[in-house]
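Laboratory data are not the source of any read-out in this text; all were calculated from the coordinates shown. This structure is a prediction, so every number in the text was calculated from the model and none was measured. A quick note on method: Cβ atoms are made from the backbone with ideal geometry, for glycine too, and the neighbour counts reach across all protein chains shown.
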Ligand SMILES: Cc1cc2nc3c(=O)[nH]c(=O)nc-3n(C[C@H](O)[C@H](O)[C@H](O)COP(=O)(O)O)c2cc1C
């Protein structure tokens, strides 16, 4: 399939893999690969090996073995949801540039799910002793080790953990990591603090009621369903209805076999069970999405009561840890439009053009760049920076405002803007009291502050000293004609005006490119002065 082929939203995980394959975005690996030591490190190279983002691929491993030499029939898919924005967009059936609008539209126009019988996800049902026999239950799934050398267990990573509010009856779904502990036991980690996991909010209620909390972990669903897991939606919003809105049709749901939760009927695998909220069990170390190893902490043990799956199920995992990673791409494409929508629509700040969350190494949340139209008034720039710093407790520790000619995806350009367009004593504010960024929660310091930097252009500046766009474009075709080394231009690659430029200088420049520079000399000789010091700007004394 070419990139111009019509896009459609895959209705299930298998169809998504087939679409990726047709688009040349899926690498199939048929040689034996050890899931405990080789699988994640191999895919990691595409994030740390200098591979351009648009050349990252999804991977399907069809011949998976483990550290004991055991062979698994079930293939492992990894990087299939969001190795790159292009792969994410395929999963949504959208163009990359339309991802943000698709989210906003789905939240405004959800489509309620429907319930179906005889679901594909229950073609095989494993319960009772079969869950406990050696090599059975969870041990029969080819669960990769994410960070060999540091992780304490294989982890379920591409999860959709479904729980239900015991008061409202509304289900929530979140992507939470889950450590394998026994063939029928996991420990699930849900962020347990203000603004934390929806599942944790439910857990608090079950603990209060002294009741077991039903939980089902979905592995491998249509991408629109998967994408709603890591998206931060209000806790009482039905994520399946938003997923329906994303895909344009109702998600087919079904009742679990051993608890009363509803899960996507077309899922690949579902792990059903209960969490006993009266007890906690040590979990981790595990390499986390913030780029550090999460150290051991007490988290929620889940007793598995059933594993159901399709007859030919594919196990899916996500590659996370140090950014960029699949986990940061999945958040970046979803969070940035949310921030933009908040600043433009909720706060009504019209001058905001883009919001970019810094991805390499820093993991999106701490550093946010906000780009503004050139004439945005200063007070609105500050209101937007405050909005970006406060929308979420864990995002926006450092917010930097730039003007529209600065590419916020380029840290070089942002530093350039800070160097020439901000005066630290006027354009920097430090605001006390904010929560520590994720990754520092195990360190001694948990509270932090916010740094806001207005690096926008505040007054007219002289043009950027590169040849004008037309000359650079023409020169590029000459460059290519001469078969010189391939170019991959990084902005800025041509000069442009920044407000401090006059008709006189424009006339001089125009004459100069047609060899008429002597005419400029005839003009300037008439403007000679005897009363001034060298380097006095002419614009101070003449109307140009
Ligand atoms: C790959 C990946 C792993 C994640 N792991 C966890 C986790 O272990 N625990 C957690 O609470 N949130 C985790 N998150 C973040 C949540 O999925 C995210 O905050 C989501 O919005 C939670 O949904 P909820 O608000 O419905 O709980 C992870 C996200 C991704 C993309």
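May I ask you to derive the relative contact order of the chain, considering only C-alpha pairs under 8 Å and at least 6 residues apart, and to give it as an integer percent? Don't jump to the answer; show the numbers that get you there.
Values: 1128 pairs, mean separation 65.4, N = 544.
After rounding, I find 12 percent.
For segment 217-356, what class follows from the C-alpha gyration tensor (a ≥ b ≥ c being the square roots of its eigenvalues): rounded when a/c is under 1.5, otherwise prolate if a/b is larger than b/c, else oblate?
Here segment 217-356 falls in the oblate category.
Quick one: helix 99-108 against the long Cα principal axis of the chain, what's the angle to the nearest 10°, folded into 0 to 90?
60 degrees
How many nm is it between the label spots at residue 167 and residue 30, if each spot is 7 Å from the Cα in line with the beta carbon?
Placing both labels 7 Å along Cα→Cβ, they lie 5.7 nm apart.
Estimate the FRET efficiency between residue 18 and residue 312 by the formula 1/(1 + (r/R0)^6), using the beta-carbon distance for r and 22 Å for R0, to the nearest 0.05. Display every interim value, and only then the final one.
Details: r = 13 Å, r/R0 = 0.59.
Result of the calculation: an efficiency of 0.95.
With the cut-off at 1.5 for a/c, could you classify segment 1-136 from its C-alpha gyration tensor as rounded, prolate or oblate? Don't skip to the end; give the middle numbers.
Details: a/c = 2.33, a/b = 1.22, b/c = 1.92.
Taking the square roots of the gyration eigenvalues as a ≥ b ≥ c, segment 1-136 is oblate.
Report, as a whole number in µm² per second, the diffusion coefficient that Stokes-Einstein gives for segment 247-286 at 37 °C and 0.692 mPa s using the Kirkwood radius over alpha carbon pairs.
252 µm²/s
When all C-alpha to C-alpha distances in segment 13-317 are sorted into bins of 20 Å, what percent of pairs does each bin hold, rounded to whole numbers?
P(r) over segment 13-317, rounded to whole percents: 34, 62, 4.
Using only the C-alpha atoms of the chain, find the volume of their convex hull and express it per residue in Å³.
Considering the Cα atoms of the chain, their hull volume per residue is 187 Å³.
Restricting the count to DSSP beta bridges whose residues both fall in segment 13-317, what percent are antiparallel, rounded to a multiple of 5?
In segment 13-317, DSSP labels about 80 percent of beta bridges as antiparallel.
Between residue 517 and residue 108, what length in nm is gained on full extension when 0.36 nm per residue of separation is reduced by their alpha carbon distance?
Here the segment from residue 517 to residue 108 would lengthen by 141.2 nm.
Can you give the log10 of the normalised intensity I(q)/I(0) at q = 0.09, 0.12, 0.23, 0.24 Å⁻¹, computed with Debye over equal Cα scatterers of segment 347-454?
Values, matching the q order: -0.22, -0.39, -1.33, -1.41.
In a solvent-free Debye calculation with one equal scatterer on each Cα, what is log10 I(q)/I(0) for segment 438-537 at q = 0.11, 0.20, 0.25 Å⁻¹, listed in the order of the q values?
Result of the Debye calculation: -0.65, -1.17, -1.35.
Can you tell me, using C-alpha contacts under 8 Å and at least 6 residues apart, the relative contact order of segment 59-133 as a whole percent?
Taking the mean separation of contacting Cα pairs over the length of segment 59-133, I get 15 percent.
Can you classify segment 10-72 as rounded, prolate or oblate using the Cα gyration tensor, where a ≥ b ≥ c are the square roots of its eigenvalues, rounded means a/c under 1.5, and otherwise it's prolate if a/b beats b/c and oblate if not?
Judged from the Cα gyration tensor, segment 10-72 comes out oblate (a/c at least 1.5, b/c at or above a/b).
Using alpha carbons only, how many degrees (0 to 90, rounded to 10) separate the axis of helix 39-48 from the longest principal axis of the chain?
For 39-48 against the chain, the angle is about 10 degrees.
Run the quick spin-label model on residue 117 and residue 208: label points 7 Å from Cα toward the beta carbon, then report their separation in nm to one decimal.
According to this spin-label approximation, the distance is 3.8 nm.
Rounded to a whole number of µm²/s, how large is the Stokes-Einstein D of segment 172-281 at 4 °C and 1.567 mPa s, given Rh as the Kirkwood radius over C-alpha pairs?
In µm²/s, the coefficient rounds to 88.
Would you work out the relative contact order for segment 13-317, in percent, from Cα pairs under 8 angstrom that are 6 or more residues apart?
That works out to 22 percent.
In nm, what is the difference between 0.36 nm times the number of residues separating residue 410 and residue 533 and their Cα-Cα distance?
Here the answer is 40.2 nm.
Starting from the Cα-Cα distance between residue 429 and residue 374, subtract it from 0.36 nm times their residue separation and give me the gain in nm to one decimal.
So the chain would gain 17.7 nm between residue 429 and residue 374.
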